[in-house]
1. Which condition breaks for Glu123 when tested against (1) in a strand (DSSP E or B); (2) open to solvent by less than 80 Å² (accessible area, probe 1.4 Å)?
2. Of all residues being basic (Lys, Arg) and touching a Pro at 6+ places or on another chain (Cβ under 9 Å) in the stretch 72-100, which is surrounded by the most Cβ atoms within 10 Å (Cβ to Cβ)? Just the residue, please.
3. How about the stretch 101-120: which of its residues are surrounded by fewer than 16 Cβ atoms within 10 Å (Cβ to Cβ), in contact with a strand residue (DSSP E or B) (Cβ under 6 Å, 6 or more places away or on another chain) and without any contact (Cβ under 8 Å) to a residue 40 or more places away in the chain?
4. What pairs can you find where one residue is in the stretch 255-266 and under 16 Å from Ala288 (Cα atoms), the other is among the polar types (S, T, N, Q) and part of a helix (DSSP H, G or I), and their Cβ atoms are less than 7 Å apart, with a gap of 6+ or different chains?
5. If you go through the stretch 338-368, how many residues are of a type outside the set (Asp, Glu) and open to solvent by 20 Å² or more (accessible area, probe 1.4 Å)?
6. Can you confirm whether the stretch 429-443 contains a residue that is part of a helix (DSSP H, G or I), at pLDDT below 90 and loosely packed, with under 15 Cβ neighbours inside 10 Å?
7. Within 30 Å of Leu300 (Cα to Cα), open to solvent by less than 40 Å² (accessible area, probe 1.4 Å) and either in contact with a Pro (Cβ under 7 Å, 6 or more places away or on another chain) or outside the structural domain of Phe285 (by the TED database) (or both): is that true of Tyr465 in this structure?
8. Being under 21 Å from Gln266 (Cα atoms) and acidic (Asp, Glu) is true for just one of Glu375, Glu363, Glu298. Which residue is that?
Amino acid sequence: AAMVQKYQSPVRVYKHPFELIMAAYERRFPTCPLIPMFVASDTVSEYKSEDGAIHVIERRCKLDIDAPRLLKKIAGVDYVYFVQKNSLNRRERTLHIEAYNETFSNRVIINEHCSYTVHPDNEDWTCFEQSASLDIKSFFGFESTVEKIAMKQYTSNIKKGKEIIEYYLKQLEEEGITFVPRWTPPVACKSESSTSHSRRPVSPAINIPESATKEGLSNKEILNTSSSPSEPTAGTPDDKLDADYIKRYLGDLTPMQESCLIRLRQWLQETHKGKIPKDEHILRFLRARDFNIDKAREILCQSLTWRKQHQVDYILDTWNPPQVLQDYYAGGWHHHDKDGRPLYVLRLGQMDTKGLVRALGEEALLRYVLSINEEGLRRCEENTKVFGRPISSWTCLVDLEGLNMRHLWRPGVKALLRIIEVVEANYPETLGRLLILRAPRVFPVLWTLVSPFIDDNTRKKFLIYAGNDYQGPGGLVDYIDKEIIPDFLGGECMCEVPEGGLVPKSLYRTAEELENEDIKLWTETIYQSASVFKGAPHEVLIQIVDASSVITWDFDVCKGDIVFNIFHSKRAPQPPKKDSLGAHSITSPGGNNVQLIDKVWQLGRDYSMVESPLICKEGESVQGSHVTRWPGFYILQWKFHSMPACATTNLPRVDDVLASLQVSSHKCKVMYYTEVIGSEDFRGSMTSLESSHSGFSQLSAATTSSSQSHSSSMISR
């Protein structure tokens, strides 16, 4: 099986001018004692423009790869040859380096691209970037070994690259060279025609050499090499991560970890409509999946959809916890631990979980825990600034004094597990350490119930102390400064955390109240949730009075693949019968499923299609609008999208078969929001929709100006 590995470096900034860096770089050739595997290099071809601005040199480099002897024997080679082409443009102050392997080029494809350019904000600094791809087609059955060797060699060389430049800069300095003048055009050049004339006295016709230089290698090559690599990076340097920033704000990452972060971030910038999470948060998802970029992308995207669904971005600003929580939830932030991590104190033993669940319901409790986690993210960011080093997780101190059988009340434990699950999925790698103090006899029972829900990585961070073991050396003082140990643990610090206590029964709500409350909280977002089944689409009716209105929509496909349609009908559909919700309605809160189009209606006679159908895949966000031509009834429809029996390719792939088994429930879920806007307000409201309604929704800017088509939909994959 072919494996493709990709690498993308952060931007490395040298605080030296481009010309000096070039002088240092040139000293690497023909051989470099700092790179023992770089045995020799020969110049294959060279081109210099007459004005000295352009210098293109192609070298064949001989490498002695550090590989097991057996492998070299099987492969039948001692050395591996690479071709490296350097294009230096002194006028633009850029050097582009392209390298690829000559040896085994039919089995292994290695491509590398590096560039040295002037720092966009300071012309006396130089930026370096590199990207590479490794594609192993086949290697005598040793594909994974070769991959490991290649990756190991490559990453160690990345680390060396910087040292080598710095080594030669130092060497230059010792020789008294600290400045290299910039290129300036030769004085003779008065005008284009006279230069080419004076340069080639042989040819009488001026235009020939001019076009020849245009046609020839010089300009064209140089234009290509200088423009193509810089296209994806055309933005400001803010779009990119530089190595110093990573070290200061995100921590010590290996080259491959940096590469994963940069690639995942770039993918989000290119495809994700809406608010992109902060770098340290993207990194948490990568860490949670051991830097497997595909797995991390999957959980990150699920989390982004979840955040949008529950308006999590706005919790801290807009949600006020009910008074019961403020009075009886025995938890709060309390300074920081010895590592500078924010410290959260939870007096679980003093807390009446049963009372809180009965008075509030699970949803409000969950929402409160989410607001605590959001606050934790904010505090990590703040501490990173204050302490001058990356702090990406918090420490939690849980005091179990007072824990009893009441805490094992089943619905309470269920609520706890659900909360743990949501937090694990959406705030991975945020718990730096969990100190559990004064664990009583019933604790092991609770622990067996809870621990299966906790990620292994997280579980390693738990420290459990029974009784008074936490007092003395090896206890709390190892993790928390003596001055801030809370008073209730025998410390001298006043701790503001509420003491908890029993929630008065008068505050309990009936099951019905809670039931309604839960549903209300669930759909408190402006989105509605709908289920779509095979043979049972979900349909929404919109009545239009003013012919030129605009129907806008914004939906997320949470599960399954669907087809989205819009129909128009002059006559009103019959209101749906209650029983059409049938058995489906109980499957999930707000899982509504409504059919409006009568079975006897015929397309083309009773109703017409006003948009071509749009197939939307699981996980996509779709935003769009339709300018209505006639008054009447419009029906938006989300329909189950079934895979064609046999794809045009050959046999079904294993993945497809597995996917179809997983969706065997034949149920899709959609979260949607629609609004009708008068055409005169359309332009204005687009922007208001964008900013206020949904953290991520960004309605297509194109729709405002599209006069030819009456609609446009945008999909973000």
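The values are calculated or read from the model by the stated rules, or taken from the named source; none is laboratory data. Everything numeric here is computed off the predicted structure, so don't read it as measured data. Quick reminder, even Gly has a Cβ in these numbers, built from the backbone with ideal geometry, and neighbours come from all protein chains shown. Side chains included, ligands, DNA and RNA excluded: accessible areas come from the protein's heavy atoms. Shrake-Rupley method; radii C 1.70, N 1.55, O 1.52, S 1.80 Å.
1. Exception for Glu123: condition (2).
2. Ranking the candidates gives Arg93 first.
3. Answer for the stretch 101-120, where residues must be surrounded by fewer than 16 Cβ atoms within 10 Å (Cβ to Cβ), in contact with a strand residue (DSSP E or B) (Cβ under 6 Å, 6 or more places away or on another chain) and without any contact (Cβ under 8 Å) to a residue 40 or more places away in the chain: just Asn111.
4. Here the result reads Met256/Thr155, each pair linking the stretch 255-266 to a residue that is among the polar types (S, T, N, Q) and part of a helix (DSSP H, G or I).
5. 11
6. No, the stretch 429-443 contains no residue that is part of a helix (DSSP H, G or I), at pLDDT below 90 and loosely packed, with under 15 Cβ neighbours inside 10 Å.
7. Criteria not met by Tyr465.
8. Glu298
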